[in-house]
1. If I take the Cα coordinates of segment 338-398 and project them onto the principal axes, what are the three extents in Å, biggest first?
2. Work the Kirkwood hydrodynamic radius out for segment 283-356: mean of 1/r over every pair of different alpha-carbon atoms, inverted, in Å.
3. Place the peptides 215-225, 77-87 in order of packing, highest mean first, counting for every residue the other Cβ atoms within 10 Å and averaging per peptide.
4. Nearest-5 percent of antiparallel DSSP beta bridges in the chain?
5. If packing is taken as the mean number of other Cβ atoms within 10 Å per residue, what is the order of 8-16, 237-245, 381-389, highest first?
6. As a test, work out the antiparallel percent of DSSP beta bridges whose residues both lie in segment 2-160, rounded to the nearest 5.
7. Taking square-rooted eigenvalues a ≥ b ≥ c of the alpha carbon gyration tensor, is segment 2-160 rounded, prolate or oblate, where a/c under 1.5 means rounded and, failing that, a/b exceeding b/c means prolate?
8. How large is the helix-only mean residue ellipticity at 222 nm for the chain, computed as the sum of -39500 (n - 2.57) over DSSP H runs with n ≥ 4, divided by its residue count, in deg cm²/dmol to the nearest 500?
Amino acid sequence: STSGTTDTYDITQLHAELEILPGLRTRAWTYGGTFPGPTIVSRSGRRTVVRHRNELDRPAVVHLHGGHTPAASDGYPTSLILPADGSYDARRVHQDMSGGSHGMSMDHGAMDLTEGTRAYTYPFDQRAATLWYHDHRMGYTGTAVWMGLAGFHLVHDDEEERLPLPRGDRDIPLMITDRSFAEDGSFQYPWLDSGLRTPGVRDAYMNGVLGDVVLVNGAPWPVLETERLRYRLRFLNGSNARLYKLELDPQPEGGGGFVQIGGDGGLLEAPRRHDSLEIAPAERFDVVVDFSRYRPGTRVRLLNRFGDGSTAQVMRFDVGSGHPRDDTRVPRKLSDVPRLDPGRASVVRDFHFRGSSAGWTINGREYEPGRALARPRLGQVEVWRFTTNFHHPVHVHLDHFQVVSRNNRGIGAYDHGWKDTVDLRPAEAVEVVTRFTDYTGAFMIHCHNLEHEDMAMMGDFVTE
Ligand code: C2O
Ligand code: CU
Ligand code: CU
């Protein structure tokens with residue numbers, strides 16, 4: 001609903017029986033009965049309030065990924081919405097959260113419990129971008145997202161709407177996820193009921209939980225019938241842990257089938273052509289594909305070059321045979337993206353992401369709510385340096401950043417524009433420049449391999 005300067009959405013989180021694999025029922029945890037959840041559309045500069053009612057049988061937390069959001073609505077991992085039926089009380093929550101395999105310790109006083117319904121307020125003092133919302137409960141994010149708790153949240157603005165880009169039903173968000181299914185069709189997650197306490201799971205899932213079926217917007221190998229026109233495809237890797245290398249097969253003649261126009265934080269300055277896209281968990285790539293570059297009737301497969309067998313094919317585009325006129329185009333200049341100057345940084349902070357069978361840590365620490373790894377001052381330019389011995393998609397809440405270097409060299413092909421997640425590869429050092437603004441409070445930095453996150457590779461930073 002809409003009133004004055006606020007749009008309000010109501011979402012009920014509930015169990016739903018979905019048909020994902022033909023003829024089988026999958027019992028999912030959903031936002032509003034679908035997987036992905038409903039796509040919420042907001043306008044830059046207008047407040048959106050999303051009221052979440054929890055009719056699931058366990059606590060929930062909602063985070064708007066990519067949102068420039070006050071701390072109280074950011075989905076802090078211990079700010080829980082308890083089930084509306086009263087089946088959980090504070091005592092049960094404490095039991096769930098303490099004494100895990102990783103011995104997360106916490107000050108239980110820091111927990112913030114709401115029963116039934118919680119309203120999240122998003123001012124959307126930010127530019128147009130492809131955001132997504134998902135569960136963020138401490139120790140259970142991987143489980144909840146795998147079971148279905150994820151959806152798109154798009155933000156539009158005037159700048160973007162003035163451009164002659166494809167829109168309407170030719171602007172398509174595509175959430176790519178991998179899942180495993182049990183024989184009866186249910187989602188198979190290794191520690192669904194037993195939790196992280198299950199002996200051996202840490203060692204067995206060093207790379208996170210990988211599925212063997214790729215879903216696009218909740219469907220296996222879907223086919224999209226396209227006209228011979230330009231389409232805007234907003235790719236999101238919503239997988240817990242899988243990396244993809246997306247490629248069109250066949251490539252249009254001359255290559256460069258993906259024309260990237262945006263990333264995590266909205267439009268790039270200028271379009272960039274790619275033959276393939278490497279996309280880590282939580283990253284978004286906003287691309288235009290011009291299907292008029294294909295002969296009428298071509299079947300174009302979207303492949304995952306990092307996959308094999310059942311994880312190598314993602315979806316298919318069946319190109320129509322007509323010759324419609326296209327009044328869209330991709331302008332040479334998309335936007336002004338002001339550069340943050342790392343030379344002006346008053347602080348350089350190091351974050352070392354370390355994985356071993358002994359634990360997943362940032363700067364040697366497992367996650368502990370209420371303990372700040374950093375205290376950035378609002379408005380101050382900072383350089384954050386991420387290093388690792390493993391593979392970690394590093395995500396920072398509250399504000400987007402710009403990648404400055406990889407291993408002291410230039411940035412990678414997928415590092416352009418404003419980002420909130422950057423793929424950190426083994427033995428790499430990635431430097432980003434950022435500036436936090438507007439909101440004081442506790443926010444998160446974490447690995448977006450959701451199993452690493454749940455195994456405590458997360459930290460608070462507190463803006464002041
Ligand atoms: Cu998409 Cu802190 O997460
Ligand atoms: Cu986030
Ligand atoms: Cu990781």
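Taken together, the values in this text are just the output of simple stated rules run on the coordinates, not laboratory data. The model shown is predicted, which means the values in this text are computed figures rather than measured ones. When we count neighbours, we look across all protein chains shown, and the Cβ atoms used for this are built from the backbone with ideal geometry, even at glycine.
1. Sorted from largest, the Cα extents of segment 338-398 read 41, 26, 17 Å.
2. Working: mean 1/r = 0.0560 Å⁻¹.
When all Cα pairs of segment 283-356 are included, the Kirkwood radius is 17.9 Å.
3. Result, highest mean first: 77-87, 215-225.
4. Details: 93 of 129 bridges.
For the chain, the DSSP antiparallel bridge percentage is about 70.
5. Descending packing order for the listed peptides: 237-245, 381-389, 8-16.
6. Looking only at bridges with both residues in segment 2-160, the antiparallel portion is about 60 percent.
7. Taking the square roots of the gyration eigenvalues as a ≥ b ≥ c, segment 2-160 is oblate.
8. That comes out to -1000 deg cm²/dmol.
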